[in-house]
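The values are calculated or read from the model by the stated rules, or taken from the named source; none is laboratory data. These numbers were taken from a predicted model, which means no experiment stands behind them. In this analysis, Cβ positions are derived from the backbone assuming ideal geometry, glycine residues included, and neighbour counts consider all displayed protein chains. Accessible surface areas use protein heavy atoms only, side chains included; no ligands, DNA or RNA. Shrake-Rupley method; radii C 1.70, N 1.55, O 1.52, S 1.80 Å.
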Amino acid sequence: MTEKTPSWQRWLVLGMAVLGVAVTFSLGLWQLGRAAEKTALQDARTQQSAMAALDGRSLRPASSDEASRAALIHRRMVLTGHWLPQHTVYLENRQMNGKPGFFVLTPLQIEGTGAVMLVQRGWAQRAFTDRTALPPIETPAGQVEVPGHLAPWPSRLYDFGGTEQGPIRQNLDLQAFRRETALPLLEVTLLQSGAASEGLLREWPVVASGVEKHHGYAFQWFGLSGLIALLYVWFQIVQPRRQKRPA
């Protein structure tokens, strides 16, 4: 005859099982919520990019319009203006099609607005025999028309701090670049689109939403929640009853 488990132990095990199921189930719901948020964000991006293209008149240099410009992120735009090639920056350690190189950035003086926007013009391969060599690119003089999508300021990679100078840089800080160039730079950029030209590729990678990852995590948490419940039922209800049956 088996020894009966004290009631306080049974209650303790039950409490721990309920807590485990509640926590893991909540984490699964949280992951589903994150997936829904990213799906909504991706849908918003798709809707923005499908809308009619805007021009430079939609962008004003006044700081009070920063929020309205941020709301235009991912909208298609066609800007008319003049390049400011003396302020071109080459962001290193950027990849396109799995190859390391530079993202080439040049400010564009937008016609008729007084604003200046940094244009992410494209990617150029680095000369590995001379890491200080700049890739041969062309910057047309005179008035140009540049198509693309409105994008946030270039993403930041890990660095060791300090102020960077010269055309080749790891990162580009907006405020520091404004002070350095004395240009009324907008806080958004244009991700130039179109076929390869001027020595630059523009096969920009599509940003993944990461929804599948959150769905996978949610499945794991729900699975763990179900496993805890199953183990409790088996060891605390089914097994004791089987042991009580007469031989």
Can you tell me which residues in the stretch 79-105 are β-branched (Val, Ile, Thr), closer than 28 Å to Ala52 by Cα and more than 22 Å from the chain's Cα centre (by Cα)? Thr80
In the stretch 48-97, how many are out of contact with any helix residue (DSSP H, G or I) (no Cβ under 9 Å at 6 or more places or on another chain), at pLDDT 80 or above and open to solvent by less than 60 Å² (accessible area, probe 1.4 Å)? 7
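The rows are residues; the columns are (1) open to solvent by 50 Å² or more (accessible area, probe 1.4 Å); (2) out of contact with any helix residue (DSSP H, G or I) (no Cβ under 9 Å at 6 or more places or on another chain).
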| position | (1), (2) |
| --- | --- |
| Gln109 | yes, yes |
| Leu134 | yes, yes |
| Glu145 | yes, yes |
| Ala176 | no, yes |
| Pro184 | yes, no |
Taking the condition of being touching a residue at least 12 places away in the same chain (Cβ under 8 Å), open to solvent by less than 60 Å² (accessible area, probe 1.4 Å) and part of a helix (DSSP H, G or I), how many residues in the stretch 201-225 meet it? 4
